[in-house]
1. Checking the a/c ratio against 1.5 first, then a/b against b/c, what shape does the Cα gyration tensor give for segment B:1-94?
2. Compute the angle between helix B:80-106 and the longest alpha-carbon principal axis of chain B, please, reported from 0 to 90 degrees and rounded to the nearest 10.
3. Between residue B:67 and residue B:80, what is the label-point separation in nm under the 7 Å Cα-to-beta-carbon projection?
4. Working from Cα positions, state the angle (0 to 90°, nearest 10) between the long axis of helix B:12-22 and the longest principal axis of chain B.
5. Let me make sure I get this right: for the protein assembly as shown, a, b and c are the square roots of the gyration tensor eigenvalues over alpha carbons, sorted descending. Under 1.5 in a/c it's rounded, otherwise prolate if a/b > b/c, else oblate. Which is it?
6. Report relative contact order for chain B in percent, whole number only (criteria: Cα-Cα under 8 Å, sequence separation at least 6).
7. Would you mind checking the tilt of helix A:27-36 against the longest principal axis of the Cα atoms of chain A, expressed as 0 to 90 degrees and rounded to 10?
8. What 222 nm value per residue comes from the helices of chain A, counting each DSSP H run with n ≥ 4 as -39,500 (n - 2.57) and dividing by all residues, nearest 500 deg cm²/dmol?
DNA sequence: CCCGGCTACCTTGTGTAATAAGGTATCACG
DNA sequence: CGTGATACCTTATTACACAAGGTAGCCGGG
C-alpha cells in the first residue's frame, strides 16, 4: 500500500474544503481536480464520506444541479463556518508542515527543494 | 481530540527516522526533541510501537547504553536502507505538502505565510 | 528499609480515517 | 435492450496515533 495514503490522513477534509472554497464543486469532479493538483491517489470512496461529514458539521452545503449527460450533480458550496474552519486548519497545517520540514532539514543540513 | 493528531498520521515514522538520521537517540529523548521542533503532541505511547516497526523493517538498529541516573537507554541508529527510505519519504512528503499548499493557496489567491 | 519521584522502557484498548470493492441510477448510442 | 460513461453512496478492512496502564532502575528523605 502507498505510504502517501497515510500522509493524507487528516489532510483530505481540509483539502476538499479548500477546493470548495475556490468554487462550488461536486464529488466526481473533485477527484479530477485533485489529480491535476498533484494529489493523484484520492478515490471516490474516500471523498463521499468526507463530503457528508463536512456537510454534517455545517462547513459546506449541498445542492443538486441538473447535468447534460448524466445524473444530477451534487454541488457543494462553502459556508461561513467552513471558511473559519479552513483558516484554522490552514494555520494548523502550516505549523505542522513547518515542523516536519524542520526535522527533515536537520538530517542533511538544510535542503528540501 | 486534536485535529493535528490526524495530520500526523503517516508522518511520524518519517519524522522519527529523520531524527535518528541526525544522530542516534532513544525514545524518551525523542519525545523531548520533537517538542522542541514544534511537534508538541507526540507521546511515548505513539513512538515506541513506531520505533519497533522501523527496526523490524530494518531501517534502524537498536542497542542499549547504560545511563547515569536511570535504567539503560535503548538507542537507535539509522541503517543504510533507512537512509534510502528517508530519502524516498522526504520526496513523497515534499510532493504532498506542495500539492496541499497549492490547493490551500487557491482559496485566497496565494497567501500562506 | 520503604516510599515517592524521575528516568526509561513497553503493551493493550479505543477512536479516527482512508481504501477497496461493490451497489444504484441517469443519460446516450446502437 | 445492452453497454459505457457519468455520478452518487455504502460496507468491510486495514492502518495508525493516543490514552492509560504496567514494569523497572536509580536517588533522596524519613
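1. Working: a/c = 1.94, a/b = 1.16, b/c = 1.68.
In terms of gyration-tensor shape, oblate.
2. Orientation of helix B:80-106: about 30 degrees from the principal axis.
3. 3.3 nm
4. The answer is roughly 60 degrees.
5. prolate
6. On the way: 95 pairs, mean separation 28.2, N = 113.
Relative CO of chain B lands at 25 percent.
7. For A:27-36 against chain A, the angle is about 30 degrees.
8. Helix-only estimate at 222 nm: -18500 deg cm²/dmol.
We did not get these values from a lab; they are worked out from the coordinates using the rules stated. Since this is a predicted model, take the numbers as computed values, not measurements. Methodologically, a virtual Cβ is constructed for each residue, glycine included, from the backbone with ideal geometry; neighbour enumeration extends over all protein chains shown.
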